[in-house]
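The block underneath contains the structure these notes are about, expressed in structure tokens.
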Amino acid sequence: MDTDAVVVGAGFAGIRMLIELQKLGLTAVALEAGSDLGGTWYWNRYPGARTDSESWSYCFPFPEIEQAWNWVERYPGQEEVQRYIGFVADRFDVRRNVRFGQRVTSAHYDDASARWAITTEDGSSFTCTYFFTALGHLSVPQEPTFPGRGSFRGEVYQTSQWPKEKVDFTGKRVAVIGTGASGIQAIPHIAQAAEHLTVFQRTPNYVMPAQNHDLDDDFRRTIKDSYPEVWSMARNHVFGFPMGPAGRTYDDVADDAERDRIFEEGWQAGGFHFVFETFDDLILDQRSNDAAAEFIRKKIRDTVHDPATAELLSPRGYPYVSKRPPSGTNYYETFNRDNVSLVDISQNAIETLTETGLRTGGQDYEFDVIVFATGFDAVTGAISKIDIRGEHGVELKEQWSGGPETFLGIGSAGFPNMFMICGPQSAYANIPVIIEKVVEWLSRAIEHMREHGYQSMQPTPQAVEGWTKLVADIFGMTLLPAGESAHSWYLGANTPGKPRRVLFYFGGAAGYFQELDKVADADFEGFDFSQAPAVAAR
Ligand code: NAP
């Protein structure tokens, strides 16, 4: 099949790109491995899966959708988000352009025709001028490599590939391995049904209370009336949330009691309000970070009745936010249940899975069900699974053997017309807000090419080098590098053997948008264009 554009993935980014391509009058197809829309919201259907972004900002700024769609919860669950994506796709009539069950295996650029040839696992092939990856940062599950994996005779689940059918934990002895955002959401739900739940924790997390609740009509009306302000705030916020800056730093507050009062307000506001509405230097000033970390540890001690369990749950030795902090609902409270126990595996790795459970620290544990909540081969995992070759057959994998190198998180040198929608080194922030901006930027880039009769564009090696350095320099100005010791996926440090490279631009959403605008306003400075009058702009 020949089209103007192929988009890989039909989650938020893929659907948004399809809508834009339709507006541009280009033919396009999206290739999606799943059997429905949603991307991360298709695969991650574990109990308790929900956003950590407030619903009214975890969406697209289409006025007609904003007014027609009614969010049910402050933090919508997996099913609600997936329904929203379907609603948007249907309103814009782009679902018909998605081919489901199509896992892309290769994408090769043909120098002679200046077109991409894309193939999928079932042997289907597509050619296109524009090749977009919309793969998600967190879409390739981290395969647990524990010895004896195949020997366990009970049920095995992974949060990131949860079955569509309901999993019944009633009366079962369940193990959850992993206490990242996924484990933290699943654990309280599983605990309610299981006969006994054992949580295996390697690194404790700083878990903020989500303070989730249903939305009422008055609130929905207020939000619907104020979307322009919502988006204006989100675009100017460091992480793309409709929140203001805290407007204060550690030194602005005289004493610890006043700091704790501010932290308490953030805690009650819930989720990322604790990060962004307390102190603006939380990830810049060690004292500010230490104060937040100690506040959270005190909350854990106040909540968890057993002091030894509270201490095990208390994160130490790495800065708050240097691992992505999750929001939870009844997370710490769950460890007060009689049917829940916590096993510290920080010093004793899981030695092996056995026929009846697993062994760690020389002790055998028996289970009916094991749930892996062990995370993802983040950011580069999905793209590295595709055999991508650019000009002269150069392999992307080879080019990125030391870690990804991009310009703006969008393009890589030598890969003409390959556009990553939020690829490696794009901004780390509330993702729909970033997707929106990147797609608008791509639309501008395509218009620019059409106006000038350009056939293709790709970043220069200098622009890529400069961006990669900028991304690393910004990261180095924060407290975040210390997360490497705690296996932070921001750096790929959670995946054994993966080269360490800063995987995101941490200069904030607004800073990233300025960088994008600067490039576009300067006629896409940093990109090389090739003119091929023989091939008319389509
Ligand atoms: P994660 O944060 O990487 O957590 C994986 C967990 O598994 C960690 O506790 C990790 O321990 C543990 N683990 C990994 N390998 C292990 C091993 N070999 N032995 C023992 N423990 C092991 O993964 P995630 O929870 O799936 O979350 C990933 C990201 O997805 C989040 O940071 C977030 O951005 C996103 N997410 C978002 C939401 C939301 O917005 N609501 C929900 C879920 C996920 P260590 O910490 O020691 O490595």
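Overview of results
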{"read-out": "Computed lengthening from E525 to A254, 0.36 nm per intervening residue step minus Cα-Cα distance", "value": "92.9 nm"}
{"read-out": "Spread of Cα-to-Cα distances over 10 Å intervals beginning at zero, given as percent, for region 134-176", "value": "18, 47, 29, 6, 0"}
{"read-out": "Cut-off 16 Å (backbone N to label point 7 Å along Cα→Cβ of E64), residues of region 86-109", "value": "86-96"}
{"read-out": "Residues R500 and D217, FRET efficiency given R0 of 41 Å [Cβ-Cβ distance, rounded to 0.05]", "value": "0.25"}
{"read-out": "0 to 90° range, to nearest 10: angle between helix 431-452 axis and the chain longest Cα axis", "value": "10 degrees"}
{"read-out": "Entries of K23/K397; K437/K518; K172/K385; K164/K397; K469/K498 with Cα pairs more than 25 Å apart", "value": "K23/K397; K172/K385; K164/K397"}
{"read-out": "Mean shadow area of region 135-293 over all directions, Cα convex hull, nm²", "value": "13.9 nm²"}
{"read-out": "Accessible area of the chain belonging to carbon and sulfur atoms, whole % at 1.4 Å probe", "value": "49 percent"}
{"read-out": "Cα pair distances in region 297-393, grouped into 5 Å bins until the bin that holds the longest one, percent each", "value": "2, 9, 13, 16, 17, 15, 10, 6, 4, 3, 2, 1, 0"}
{"read-out": "Inter-label distance for S106 and E447, nm, one decimal - labels placed 7 Å from Cα along Cα-to-Cβ", "value": "3.7 nm"}
{"read-out": "Of all DSSP beta bridges in region 91-235, antiparallel share, percent nearest 5", "value": "70 percent"}
{"read-out": "Label-point separation in nm, Q268 to D285, each point 7 Å along Cα→Cβ", "value": "2.4 nm"}
{"read-out": "Principal axis dimensions, largest first and in whole angstrom, of region 81-209 by Cα", "value": "61, 40, 30"}
{"read-out": "Rounded accessible area per residue of region 452-527, 1.4 Å, Å²", "value": "41 Å²"}
{"read-out": "Residue-normalised accessible area of region 284-340, expressed per residue, 1.4 Å probe, Å²", "value": "43 Å²"}
{"read-out": "Percentage relative contact order, the chain, counting C-alpha pairs under 8 Å, at least six apart", "value": "19 percent"}
{"read-out": "Alpha carbon convex hull of region 263-333, volume per residue in cubic angstrom", "value": "84 Å³"}
{"read-out": "Ellipsoid semi-axes in whole angstrom, largest first, where each is sqrt(5λ) of the Cα gyration tensor of the chain", "value": "38, 27, 23"}
{"read-out": "Share of alpha-carbon pairs per 5 Å distance bin for region 189-245, given as whole %", "value": "4, 13, 10, 16, 17, 9, 9, 12, 9, 2"}
{"read-out": "Overall dimensions of region 82-132 as given by Cα atoms, namely Rg and Dmax in Å", "value": "13.9, 43"}
{"read-out": "Segment D473-D36, length gained on full extension (0.36 nm per residue, minus Cα span)", "value": "153.4 nm"}
{"read-out": "Per residue, in Å², the accessible surface of region 84-238 once ligands and nucleic acids are set aside, probe 1.4 Å", "value": "45 Å²"}
{"read-out": "Debye-sum result for region 151-210 in log10 I(q)/I(0), which assumes one identical scatterer on each alpha carbon, at q = 0.12, 0.19 Å⁻¹", "value": "-0.30, -0.76"}
{"read-out": "Estimated 222 nm signal from helices in the chain, with DSSP H stretches of n ≥ 4 weighted -39500 (n - 2.57), rounded to 500", "value": "-9500 deg cm²/dmol"}
{"read-out": "Region 295-371: GluC sites (Glu not before Pro) in DSSP loop, at most 15 other beta carbons within 10 Å", "value": "E355"}
{"read-out": "Isotropically averaged projected area of region 210-346, using the convex hull of Cα atoms (one quarter of hull area), nm²", "value": "10.3 nm²"}
{"read-out": "Region 347-429: radius of gyration over Cα atoms, expressed as a fraction of 2.2 N^0.38 Å", "value": "1.68"}
{"read-out": "The chain: antiparallel DSSP beta bridges as a percent of all, rounded to 5", "value": "40 percent"}
{"read-out": "Length released on extending from Q161 to A193, taking residue separation times 0.36 nm less the Cα-Cα span", "value": "9.5 nm"}
{"read-out": "Alpha carbon convex hull of region 434-477, volume per residue in cubic angstrom", "value": "80 Å³"}
{"read-out": "Hydrodynamic radius of region 308-361 per Kirkwood, over alpha carbon pairs, in Å", "value": "13.7 Å"}
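The values are calculated or read from the model by the stated rules, or taken from the named source; none is laboratory data. Quick caveat: nothing in here was measured; it's all calculated off a predicted structure. Neighbour counts are summed over all protein chains in view; Cβ atoms, including those assigned to glycine, are modelled from backbone coordinates with ideal geometry. For accessibility, only protein heavy atoms count, side chains too; no ligands or nucleic acids. Shrake-Rupley method; radii C 1.70, N 1.55, O 1.52, S 1.80 Å.
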